[in-house]
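Undergrad: Got a structure here, written out as structure tokens. Questions coming.
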Amino acid sequence: MALEPPRLDDLDWQGMVDAIRRRIPAASSGGWTLHAPVDPGVTLLELYAALLEQRVYQLDQTPESLLRAELRLLGEEPRPTAVAATALAFDAARFDLVPGGTEMRLAARTPRLVFTTGHALTRLPIERLTLSIGGRDRTEDLRQGRLVRLFPADGGAAEARIVLWLTDEIPALPRKAAKLGLLFELDAPARLLPSWEPGAAAAPPPARLLWEYPAVDRATGGVRTKPFSAARIEDGTGGLRRSGLVRLPIPADWRFETDPEKKGRVGYPIHLRVERATWSAPPRLANLIGNAVEARHRRRTRLHELALERLPLPGFEIALADLPAGEAEKDHPPIEATLRLLLRERGGKDFARWRPSPDLALHGPGDRVFVVDRRLGVLRFGDGLTGRQPVLAPAAGGGGHNAEVMYAVGGGAEGNLGTGLCWSGAGELAAKNVVPARGGAAAQTLRSARDETAASLRRPTRAVLRGDFEELARTTPGVAIARARAAVGLHPAHPCRRVPGAVTVFVVPEVPREEPDEALRESAFVAAPVIDPGALEAVRARLAAARLVTTELFVAPARYRAVSLIVAAEADPLDPAELERRLADRLRRFLDPLTGGADLDGWPFGEPLRPSALLREAQEALGRDGEVARVAIGLDGEPPSEDCRDVPIGKHELVFLADLRLELRRAVAGRGGLR
């Protein structure tokens, strides 16, 4: 638990004066009789009380240096300036290479806002992209904004086919530089950040994807499917777990096909295949864009060579806001962690490296450090006690220099932008950011870091108690875990007895549930979600690192019991099928492992099936359209039977509705009109 900080400044001036006056009669043996402010002695006492109040107030203030040192002892540091990121899609009318580090400026913006690409990209003259899944063309569905299921989640084999339709054949390209970029925008849980955003965590893939292309077989002259070079594939989606950029090499033997609809247009197919579709829920594609690359709100400045002249006195500063000298557009604001400074000191032949630090008070007189003031664009140096004081060698005449500085500029909340903005680069480079630019933020303040660290002390970092295991499993980075259940003493090899030191954690993944618009969202509903192998490995690795040495740990998918129901009701509906569908939806939600139960946060582990609760839910589903007479319950394919007693399940098991049958008995007397 977090400790409340002691407060020393709990006595004010008036309280001290009152306490002193109460002690005057005893201390003076009754000789001091005038206690009014007109008495010189009382005036002195009030003055001393004021001085003491100031001292106590100063004692209660924590200097920033001490606060920063305390955070370091806890293994924490205030977050530095964060850089916004986005994905740019380039226009292309011909083949060319966009090198990594290309600067793209936001059109019609003063002062300029520059984003820099992170990787090299081979631009292809793409007219359109087509997508077919299981032999069915789904291009129009994507164009209309519909979420499309790429693969099932049934563990079987499946394949999708993407075709890049170009205006011309791909020429011979340098092999190492030849990579194309595809943006896969997926419908993923909000906690799984896209690959281009700061803070995105990677995890083992949920299924093994095979990226293949048609190639000419030199031996037979025919066409065969060939895998892309696995070592050169960069899959930012993590196996279609999250939105991301995929970079594929452009092979020299890639076989194209001609377009019968348009002369001169050629298509280069990409086969995306999976032998075992082991996703927790079918991955759904929202958008597929070519010629895409990651870009960040930062640019590298040129090397600034400075001739500094200053006496060796405390208060030495270097003004970055004035660089480059003589130009209107400055290299500002600097990103603190990127700053590289070399100084030539008196008595030294070579330049010495100085390093940025968050606080000079943490260093001694010999440390070559400085502090970066991002807002003012100033470097501040030590005074010879806290941090070394620079004593620079004179700059040689004729353009000589004694300081070299280079850094990156950008970062901050200014880089957070919307989507669809136009960007331009050198020559005729043009692009649009097809996703919002997010993640930019100013450096974290010490107060915010202190509050965040205090809150983090309440979060478990070691797995000791049952709640620790469950909390650490739910918050595993890079995967989306909805629920976890730690069974203390349960050993998979000895399920019938309690084993000291054994802990089995059952995990339920986060998967889609309610669809707000079924016309635009192809359903990815899974009644009994099973964690994928990659997420299971990530959870196991995190808990293994946090467990005690004496703990024998096991992580497993949640266990489910299939529920079959027969609901007998007395009703005379106009549409019996619609009534049965409404009843099934209600009971499915009630038994759902993610959204079921009385609290709507998932069916409780080990909760028995109570006929009275199922009867209540069925009656609420029917409303005034009928009256439920009985509910029969069956488990794991057994025929449903009617029993007034609760139907138990395992202590660490969940349920889902597998089948429901509505038995209607017409309520003739309940309806008016002629018969």
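Undergrad: Could you pull out every residue, at least 5 positions away or on a different chain, whose amide H is within less than 5 Å of the one on Ile170? Hs are placed 1.01 Å off N in the peptide plane, and Pro or chain starts have none.
TA: none
Undergrad: How much length would be gained if the chain were fully extended between Thr419 and Ala527, taking 0.36 nm per residue of separation minus their Cα-Cα distance, in nm to one decimal? Don't skip to the answer; put the middle values down first.
TA: Details: separation 108, 0.36 × 108 = 38.88 nm, distance 3.53 nm.
So the chain would gain 35.4 nm between Thr419 and Ala527.
Undergrad: Another question, if that's okay. Please name whichever of Gly15, Leu71, His401 sits farthest to the positive end of the charge dipole of the chain, dipole taken about the Cα centre and charges placed at Cβ: Lys and Arg +1, Asp and Glu -1.
TA: Final value for the positive-end residue is His401.
Undergrad: Per residue, what accessible area does the chain have, given a 1.4 Å probe and all protein chains present, in Å²? Let's see the in-between values first.
TA: Numbers: 35520 Å² over 675 residues.
Here the residues of the chain average 53 Å² of exposed surface.
Undergrad: Per residue of the chain, what 222 nm ellipticity follows from adding -39500 (n - 2.57) for every DSSP H run with n ≥ 4, rounded to the nearest 500?
TA: Values: 9 runs with 111 residues, N = 675.
The helix contribution divided over the chain gives -5000 deg cm²/dmol.
Undergrad: On to the next question. Can you list the HN-Hα couplings for the range 88-104, worked out from phi with the Karplus curve (6.51, -1.76, 1.60; θ = phi - 60°), rounded to whole Hz and with x for Gly and Pro?
TA: For the range 88-104, the Karplus curve yields 9, 10, 8, 6, 8, 10, 7, 7, 6, 10, 9, x, x, x, 5, 8, 10 Hz.
Undergrad: For Gln14 and Arg380, what does the FRET efficiency come to when R0 = 56 Å and r is the distance between their Cβ atoms, rounded to the nearest 0.05? Each step should come with its number before you reach the end.
TA: Details: r = 41 Å, r/R0 = 0.74.
That pair, Gln14 with Arg380, gives E of 0.85.
Undergrad: Largest first, how would Cys496, Cys422 line up by accessible area (1.4 Å probe)? Each step should come with its number before you reach the end.
TA: Details: Cys496 135, Cys422 70 Å².
Accessible-area ranking of Cys496, Cys422, largest first: Cys496, Cys422.
Undergrad: Follow-up. Please work out whether the range 387-525 counts as rounded, prolate or oblate from its C-alpha gyration tensor, where a ≥ b ≥ c are the square roots of the eigenvalues and a/c under 1.5 means rounded, while otherwise a/b larger than b/c means prolate and anything else oblate? Mind showing how you got there, number by number?
TA: Working: a/c = 3.46, a/b = 1.59, b/c = 2.18.
Oblate.
Undergrad: Same structure again: Per-residue HN-Hα couplings for the range 554-559, Karplus 6.51 cos²θ - 1.76 cosθ + 1.60 at θ = phi - 60°, whole Hz, x for Gly and Pro?
TA: For the range 554-559, the Karplus-derived couplings read 9, 10, 9, x, 5, 9 Hz, x marking Gly and Pro.
Undergrad: If you rank Arg128, Arg255 by how much accessible surface each has, with a 1.4 Å probe, what is the order from largest down? Could you put the intermediate results ahead of the total?
TA: Working: Arg128 80, Arg255 100 Å².
Ranked list, largest accessible area first: Arg255, Arg128.
Undergrad: Could you pull out every residue, at least 5 positions away or on a different chain, whose amide H is within less than 5 Å of the one on Asn287? Hs are placed 1.01 Å off N in the peptide plane, and Pro or chain starts have none.
TA: Glu185
Undergrad: Among Leu490, Leu106, Ala231, whose Cα projects farthest towards the positive end of the dipole of the chain, with charges put on the beta-carbon of Lys, Arg (+1) and Asp, Glu (-1)?
TA: Farthest towards the positive pole: Ala231.
Undergrad: Would the chain count as rounded, prolate or oblate if I go by the C-alpha gyration tensor, calling it rounded below 1.5 in a/c and otherwise prolate when a/b exceeds b/c, oblate otherwise?
TA: In terms of gyration-tensor shape, oblate.
Undergrad: Let me ask something else. Given the C-alpha centroids of the range 602-669 and the range 161-203, what is the distance between them in whole angstrom?
TA: Using only Cα atoms to place each centre, the spacing works out to 48 Å.
Undergrad: Something else: Heavy-atom accessible area of Leu210 with all protein chains present, probe 1.4 Å, nearest 10 Å²?
TA: Surface open to solvent at Leu210 totals about 30 Å².
Undergrad: May I pose another question? Quick one: Karplus J couplings for the range 221-226, per residue in order, coefficients 6.51, -1.76, 1.60, θ = phi - 60°, nearest Hz, x for Gly and Pro?
TA: x, x, 10, 9, 7, 10
Undergrad: What's the extension gain from Ser641 to Arg94 if we count 0.36 nm per residue and subtract their Cα-Cα distance? Don't skip to the end; give the middle numbers.
TA: On the way: separation 547, 0.36 × 547 = 196.92 nm, distance 7.02 nm.
Length difference between fully extended and current span is 189.9 nm.
Undergrad: Could you tell me which residue out of Phe95, Pro516, Ser280 lies farthest along the dipole of the chain toward its positive end? Charges go on the beta carbon: Lys and Arg +1, Asp and Glu -1, centred on the Cα centre.
TA: The residue sitting most towards the positive pole is Phe95.
Undergrad: Moving to a separate point now. Could you please state how large a percent of the accessible area of the chain is carbon and sulfur, counting protein chains only and using a 1.4 Å probe? Before the final figure, lay out the partial values.
TA: Details: 18650 of 35520 Å².
Heavy-atom surface of the chain belonging to carbon and sulfur, 1.4 Å probe: 53 percent.
The values are calculated or read from the model by the stated rules, or taken from the named source; none is laboratory data. Treat the numbers as computed from the prediction; the structure is a model and nothing was measured. All Cβ positions, even for glycine, are placed from backbone atoms using ideal geometry, and neighbour counts span all protein chains on display. Calculation scope for accessible area: heavy atoms of the full protein, side chains included, ligands and nucleic acids excluded. Shrake-Rupley method; radii C 1.70, N 1.55, O 1.52, S 1.80 Å.
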